[in-house]
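To start, the structure under review is shown below, and the notes come after it.
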Amino acid sequence: MLNKLNDSEFGFWKKMIYVVIFFTLTPLTLITSVFSLFTLSSYKLETKEPDYVSFAYAANSGVQVYASLPSDTPSISASLVVEDARSDILREFLSDFDSPLYPFSDFIVKTSDKYGIDYRLLTAIAMKESGLCKIIPEDSHNCWGWGIHSKGTLKFSSFEEGIETVSLGLKENYLNLGLNSPSEIMSKYIPHSPGGIWAEDVSAYMDKLR
């Protein structure tokens with residue numbers, strides 16, 4: 001009889017333990033589930049769409065620059081990015097052709113900006129006229145055929161002087177007169193170019209520097 005009572009009492013407490021565990025774990029499970037759902041919903045609401053890439057065209061440079069749309073994070077100024085990009089592009093181009101102008105990449109970009117001309121124009125003319133300074137009159141530092149005619153050859157004391165002089169000359173004698181495209185410049189620079197090949201080649205070289 002005593003054994004039966006003990007078994008009955010044990011069964012009762014066993015059930016009570018199950019009930020306590022159930023009512024303890026169930027609320028915790030529900031609370032955890034609700035918290036997880038709330039956290040995931042908040043994350044979706046707060047997650048922003050990635051910034052789309054915008055395409056910018058640098059005036060006077062002809063360089064295509066890719067940049068993120070404005071954000072709250074600090075960024076380098078557009079002018080600095082453009083200048084660096086052009087210098088890097090130009091260095092790579094001059095390096096590919098083993099040009100003596102390679103050390104003056106930054107100077108070409110800065111001087112072009114100084115006079116408000118496209119740095120690609122100065123480089124493309126040098127490519128057309130002298131293979132980027134590989135075939136020039138001895139000690140002339142004249143890569144652009146500038147001032148070379150039957151009466152003599154214009155010589156510069158350095159490539160820097162040549163870059164400076166030709167940039168200023170293009171600005172004053174061509175761009176300021178409304179001669180902006182290679183074909184318009186050719187009409188005065190080398191008007192007897194057969195079939196306009198000079199302008200076509202200069203344009204092609206400029207395109208390679210995009």
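The values are calculated or read from the model by the stated rules, or taken from the named source; none is laboratory data. If you're wondering where the values come from, they're calculated on a predicted model, not measured in any experiment. A quick note on method: Cβ atoms are made from the backbone with ideal geometry, for glycine too, and the neighbour counts reach across all protein chains shown.
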message: As an exercise: evaluate residue 93 against (1) of a type in the set (A, V, I, L, M, F, W, C); (2) at pLDDT 95 or above; (3) part of a loop (DSSP other than H, G, I, E, B) and give the number of the one condition it does not meet.
response: (3)
field: Candidate set from the range 116-139 (those that are of a type outside the set (A, V, I, L, M, F, W, C) and in contact with an Asp or Glu (Cβ under 9 Å, 6 or more places away or on another chain)); member that is farthest from residue 174 (Cα to Cα)
entry: 134
